[in-house]
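Notes to accompany the following structure.
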Amino acid sequence: MSQPSKIYAYPLAEGLFIKEEYQESNRHFTHPGVFTNKQTIKSVRDHIKSDNAPWVKSLAHWENWAKGALAQEPEPVQRIFRRTPNHIGVDESIRDFTAAQNLAYLFCLTDRVEYADKAIEIINAWSSTLKAVRGAGFNLQSGLIIPQLMGAADLIKHSCDRWSQEDQARFQGFSEVILLPHVINLRISINGNHDCATNMALAALGIYLDDEFLFNRSINYYLHSKGYGSIAHYFLANGECQEDGRDMGHSRMGVRFFARIAGMARNQGENIYDRFDYRLAAAMEHYARVQMDYYTPAMYSSVHLSPLGLRGMIDLSELQAYHYFTHERNMPMPFMTRLIQITQDCDPTLLDQNQLFLPDELTLSEAPSFPNINKSTFSFGVIPFDGGALDKDTYSQLSDSLSQTTGKPTQIVYAQDYDTLLQGVHNGDLNAALVPPDEYVDQQDTLDLGLVASERMPDGREGFHHVWLVPKAANVTTLKDAFESDIILAAVFPWALPSCIDLLPLINAGISITDIFARIRFDQGNGSYAYKFSDMFKTLFSADQPNNIFAAVATTDLDVNAYRLPLSKLNRSAHAYPFVEKYHNDWQKVFPYYTPFFGEALGFSVNLHEQKPKHFSDYEDQVTVLHQSPAIPGQAVVMKKGTEIELTCPANYLARDEWDHRLCFPGLIPTDDSKYDIIRRALALKQDLFENHTETEIRVGSGVKKGKVTEKGMPETVYHDLRFGGGHQTPSKRWDFTPDSWMRQMMRG
């Protein structure tokens, strides 16, 4: 580990990095440089002075907000406690620090001293009061508040003379003695976005304190951490996130945290937006696609959870990153573009809220036409990041295979959306394209498409299976028997296409839609769609209930059999943790802060509270498979009907160095159209649910509630609008975003 030029009061942890790319070199820090920079402030001031409407309108929005902020008294506490029965100082610190940062920025634009004075009042109140951040989520809370506080102090210190030297000195000591120990050693043993949140705080402290060692420590951690604080570990090259199996709300926050760090680094002249083949852009696209319920290619799991309460509005850091990628890198980001447009339709003030912080007008990228395609090549169309990085090596094996088959060099062509790809094949602009199975099925006849091959699963199979499982002790052998018994039936949220696949065997058994939705408990915490396998086992065997209470759960064999794959290919989270193999025999020592993810990474499924690791293999002899679906195929390689060729399909990426570089396109496999019948049936069911049934009919049953048995068939109070998903209407039409709608309320969460 490189040694700092100063001694810190807190011992420095070692072994955090794979390598330390950034070393001390007498860096000259730019100020302001945490929240924004001088160039942006000057540009925005010039726009306001020139009466440019987007910035003038945005300024009016924020000055109206400031009226309330100026009247709000700061509410400092001595100790912030997070994740206690009653939060202490959590909401107050977030509110006050965000207000201080925004007020300081408004002062820089308007020279109105009341804004600066209020920001100083907030900064001084907290720096003279706060002694510690505590609780199970102390590191997350530190990440959520420290960047805003440093942003406010950085703006005030370097933009006006109204903050006394005495107060500045106290704040300096407060930052070094009170705040820094909470984040200096980061949290390599912590799960998910807590690690990058902690690092976000460290970056902000490093800049404010002009401390090159801290700043380098943060950037090295962003790039080369051994934990999830590295963007290369938290996100795969195709954007799939370590937390996707939990919910997209947490994945979204990870996107924001990494984007915020990249923005701070850019203020200091370091471009980490582009690193690891535009990994941040891939993550943004992946997250946006899942929000709109498109089929989302994934390397390790067929399903991504997206509980409605965690769907959030677009954040400034995301807009800054989006603007960078689309305008400075001219990169197509079709799904983020669509998500921003939908959010703008929902909240017309979105641009007003954010334009004031941007030097250029925020515009949405337009779908470009195909680039010049060399007619002497075999052109193969893909969506960026579908199968990996925006990098030629991602498709190297595929290109070699296609060139072998066709006798022509292969040209990989990136497009903005699937319609463009499919129309390109139909019109003869493209020789072939890779599209999701539901897109192929939906457009097959209309666009005269022929099927050539499909994308294989990570474990080499042609597809995965949906299964319904039940304990043998429940004494049922068919799904219909289970339905007619008193056992609990548990599946995931019913708006997604995978859930329609789970419901097909019940439809086949002659059970009505109304009865299905009144009987089944749909929940994010059941089955291996869920956050952790232990939820599935807990539900199957109804933990804390009498022995005669059991459950049947819907899951996939890709998930339950993940332990049979090499550790580097495990689903959910293990794929993102590169050194678990080295320590799998000593996992309790390696991971003192024990979480389900590390248990999964080492071939276990765990109950976090009981700390008794379990895996599906421990239960296989106790479980009956009530139903197994036909194989669910992967993405389809399509050509114009009549022009199909027999592809020489490349092998899976199996070499260790390929996995280390996160090449995520798993290869192709021969297929035929009949394999996609299961997709056709699921789409037909989804359309039927959407067109022919009321919300009352598709209400969600309540067979189990937080592990406690309730009356079978008791309806939940929240109904799930099937119009939320599917391709029957454009997203902006099918989403109910009226001001008082349930969707609008959920998104505010």
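A simple spin-label model places pseudo-atoms 7 Å from Cα toward Cβ; at GLU620 and GLN78 they are separated by 5.8 nm. As a rough footprinting exposure proxy, the listed residues TRP163, TRP65, TRP468 were ranked by other beta carbons within 10 Å of their own, and the order from fewest upward is TRP65, TRP163, TRP468.
Taking amide hydrogens as placed 1.01 Å from N in the peptide plane, the amide H of ILE488 sits under 5 Å from those of PHE550, ALA551, ALA552, each at least 5 positions away in sequence or on another chain.
With r as the distance between the Cβ atoms of ILE88 and SER674 and R0 = 60 Å, compute the FRET efficiency 1/(1 + (r/R0)^6) and round to 0.05. Before the final figure, lay out the partial values.
Working: r = 61 Å, r/R0 = 1.01.
E(calc), rounded to 0.05, equals 0.50.
Give LYS19/LYS226; LYS6/LYS226; LYS6/LYS131; LYS67/LYS118; LYS375/LYS640 a once-over and call out the pairs whose C-alpha atoms are over 20 Å from each other. Intermediate results must be reported in sequence, preceding the final value.
Details: LYS19/LYS226 9 Å; LYS6/LYS226 25 Å; LYS6/LYS131 23 Å; LYS67/LYS118 11 Å; LYS375/LYS640 16 Å.
From the list (LYS19/LYS226; LYS6/LYS226; LYS6/LYS131; LYS67/LYS118; LYS375/LYS640), the Cα-Cα distance tops 20 Å for LYS6/LYS226; LYS6/LYS131.
Less than 5 angstrom separates the built amide H of ALA453 from those of VAL637, all sequence-distant by 5 or more or on a different chain.
Here the gap between ILE645 and THR478, fully extended at 0.36 nm per residue and compared with their Cα-Cα distance, gives a gain of 55.9 nm. Once backbone amide H atoms are built at 1.01 Å from N, THR624 has VAL470, LYS472 as its partners under 5 Å, excluding neighbours fewer than 5 places away on the same chain. Coupling constants for segment 131-136 follow from the phi torsions by the Karplus curve (6.51 cos²θ - 1.76 cosθ + 1.60, θ = phi - 60°), and in residue order they are 10, 6, 10, 10, x, 4 Hz; glycine and proline get x. Of all the Cα-Cα pairs you can form in segment 1-151, what percent are over 25 Å apart? When all Cα pairs of segment 1-151 are counted, 46 percent exceed 25 Å. Summing Cβ point charges (Lys, Arg +1; Asp, Glu -1) relative to the Cα centre of segment 434-520 gives a dipole of roughly 420 debye. With the cut-off at under 15 Å, measuring from each backbone N in segment 22-38 to a point 7 Å along the Cα-to-Cβ line of ILE48 picks out 36-38.
Determine the gain in length on full extension of the stretch GLN628-SER376; use 0.36 nm per residue of separation and subtract their C-alpha separation, reporting nm with one decimal. Let's see the in-between values first.
Numbers: separation 252, 0.36 × 252 = 90.72 nm, distance 4.55 nm.
That pair, GLN628 and SER376, stretches by 86.2 nm at full extension.
Sort 628-639, 212-223, 260-271 for me by packing, meaning the mean count of neighbouring Cβ atoms within 10 Å per residue, highest on top. Intermediate results must be reported in sequence, preceding the final value.
On the way: 628-639: 22.5, 212-223: 24.3, 260-271: 20.9.
For the peptides 628-639, 212-223, 260-271, the packing ranking is 212-223, 628-639, 260-271.
Approximating the spin labels as points 7 Å out from Cα along Cα→Cβ, the LYS57-to-ASN26 distance works out to 5.0 nm.
Provide the FRET efficiency to the nearest 0.05 for the ASP111-SER2 pair, computing r from the beta carbons and using R0 = 30 Å. Show your work: numbers first, answer last.
Details: r = 42 Å, r/R0 = 1.40.
My answer for the efficiency is 0.10.
Computed from backbone phi, the HN-Hα couplings of segment 402-410 come to 5, 5, 4, 6, 8, x, 10, x, 9 Hz, rounded to whole numbers (Karplus: 6.51 cos²θ - 1.76 cosθ + 1.60, θ = phi - 60°; Gly and Pro given as x). So if we plug the beta-carbon distance of GLN344 and ASP486 into 1/(1 + (r/R0)^6) with R0 = 41 Å, what FRET efficiency do we get, rounded to 0.05? The value I calculate is 0.25.
Where a number appears in this text, it was derived from the coordinates with a stated rule and is not lab data. Because the structure is a prediction, the values reported are computed rather than measured. Positions of Cβ are generated from backbone atoms using ideal geometry, with glycine treated the same way; all protein chains shown enter the neighbour counts.
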